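Quick note: the coordinates plus some simple rules give every number you see, no bench work behind them. Every value quoted in this text rests on a predicted model; they were computed, and no experiment measured them. No Cβ is skipped: glycine too gets one built from the backbone with ideal geometry, and neighbour counts run over all protein chains shown.
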Amino acid sequence: MRSKPESSTRARAVLLACAAACAFAMAPGLAAEPANYPTRPIRLVVPFAPGSATDSMARVMAHELGQRLGQNVVVEDRPGAFGQIAAVFVATSRPDGYTIFMATNTTHSANPHLYKSLPYDPVKDFEPVARTATLPFMLVVNPALPVKTTAELISYARANPGKLAYASASSTSLVAAESLNTQARITMTGVMYKSSPQAILDVISGEVPVMVADFATAIAHVSAGRVKVLGVTTGRRSALVPDAPPIADTVKGFDVTSWNGLFVPAATPKPIVERLARETLDVLGKKDVAERLAAIGFEVDPLGPDAFSLYLRAQLDYWGKLIRDAGIEPE
């Protein structure tokens, strides 16, 4: 795959600098007293750029949680290196409930299989609070590309081997595109971007004609006719994009489903984790919140801490198989 816009060497340097800047000795007694929690604003860290699906969800959750907790919840975007920069920052933050991570399958399921080593451990360095939602990704193309369906894209790619490129800015986008390459026996070249909004602009311009994009990034451009949607990555038809058939209708067994959830640093006091989980699940149970999240591409699918923990371990295995089957070599 070609790398755009940052090299892996530079990304590793940024990660090391982040880890050095963020790390500190966590002495006993730093955690807030649960009975007083919270007494000051809370930051909600997002591993992707403003305008991404995860950022959009974080802003809805921050507003709702802020009202319930009686303190401002401030969204803080820390994009880069497939979420590793944000993950290191959160992992090395004080375990006092004032730093929350809006994480995804990228940071906690895919990265352990995409990289030979990580500067954080997705299991040991975090405490799961709640899964919030799952979301479909869409296979979209520039309107000038002479295809209208997934089957036509596959035929075009076979007739033009090596001439198609796809844009990617997340693990889901990457794994879905490479899974399509492998399962459909085609060859599209990957072009990596730092953010999804940047990537889809190049799809719109025609510089890179194909992308597997999250709903929040793509839907406005689909509605405006700037890109065409060919299908969704989920195994079943999604209620969020009812007119788009699953890629699995053409490529049997295809299923790449993304998820989002909240975490706090490991060693955060259990009463704080339970309070955050309770408030999060209550927020997700509100009809208006579910409708607002659906409008930006999320299907509310909540799990509490214990069930979420089990789900995470299963997802590590699931994404590992997806990545191996797609032939993606860890960096």
- Hydrodynamic radius (Kirkwood) for the range 137-249, which is based on Cα pairs only, to one decimal in Å: 13.6 Å
- Query: Exposure proxy check: Ser170, Ser52 ranked by fewest other beta carbons within 10 Å?
  - Reply: Ser52, Ser170
- Query: Against the longest alpha carbon principal axis of the chain, how many degrees, from 0 to 90 and to the nearest 10, is the axis of helix 196-205 turned?
  - Reply: 20 degrees
- Most positive-pole-ward Cα, Asn260, His63, Val141, against dipole of the chain from beta carbon charges: Val141
- Which pairs, out of Lys116/Lys163; Lys116/Lys286; Lys194/Lys270; Lys148/Lys286; Lys163/Lys252, put more than 32 Å between their alpha-carbon atoms? Lys116/Lys286; Lys194/Lys270; Lys148/Lys286
- Item | Most positive-pole-ward Cα, Thr54, Ala103, Thr187, against dipole of the chain from beta carbon charges | Thr187
- Please order Asp96, Asp306, Asp214, Asp255 by the number of other Cβ within 10 Å, starting at the fewest. Asp306, Asp255, Asp96, Asp214
- Item | Segment Lys116-Thr39, length gained on full extension (0.36 nm per residue, minus Cα span) | 23.7 nm
- Message: Only four residue types carry charge here, +1 at the Cβ of Lys and Arg and -1 at the Cβ of Asp and Glu. Report the dipole size of the chain about the Cα centre in Debye, rounded to the nearest 20.
- Response: 440 debye
- Item | Selection from Ala244, Ser196, Ala167 lying farthest towards where the dipole of the range 137-249 points positive, charges on Cβ | Ala244
- Query: In the set (i) 26.0, 91; (ii) 19.6, 65; (iii) 23.4, 74, which value of Rg and Dmax of the Cα atoms in Å was calculated from the structure you see?
  - Reply: (ii)
